[in-house]
Amino acid sequence: MLNKIVTPILAMGVVILTLVLFGAVLFQSGAIDATRKDLAIYVLGALSSICGMVISYYFGSSSGSVQKTDYMEKLLKK
């Protein structure tokens, strides 16, 4: 049971954290000084790419592959 819920919880955490940090940067843009601007851009870029990977895993080809595998197993059981 734990193995089934850890991955979705981590995926939701990454997406929520990314949205929260994007919102913080948007609404607190005056609080970021010039020395931390590059760091903030780097971190947000990394988080957005990770968020894209999470979304593409759940809704992209991996999701279709899982559905195809399930369908093939059902056909073999008949």
Legend entry - Heavy atoms of Leu2 accessible to a 1.4 Å probe, total area in Å² rounded to 10: 120 Å²
Inset, instruction - Could you work out how far apart the two model spin labels at Leu2 and Leu44 are, taking each label as a point 7 Å from the Cα in the direction of the beta carbon, and quote it in nm? - result: 3.8 nm
Inset, instruction - Could you give me the radius of gyration and the Dmax of the chain, taking only the C-alpha atoms into account and expressing both in angstrom? - result: 18.5, 65
Inset, instruction - List nothing, just return the count: lysine pairs in the chain, 8 or more apart or interchain, with Cα separation under 30 Å. - result: 6
Inset, instruction - Find the centroid of the Cα atoms in region 6-22 and in region 41-58, then give the distance between the two in whole Å. - result: 10 Å
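The values are calculated or read from the model by the stated rules, or taken from the named source; none is laboratory data. Here the structure is a predicted model, which means the values were calculated and not measured. Neighbour counts run over all protein chains shown; Cβ positions are idealised from the backbone, glycine included. Keep in mind that these areas ignore ligands, DNA and RNA; they rest on the heavy atoms of the full protein, side chains included. Shrake-Rupley method; radii C 1.70, N 1.55, O 1.52, S 1.80 Å.
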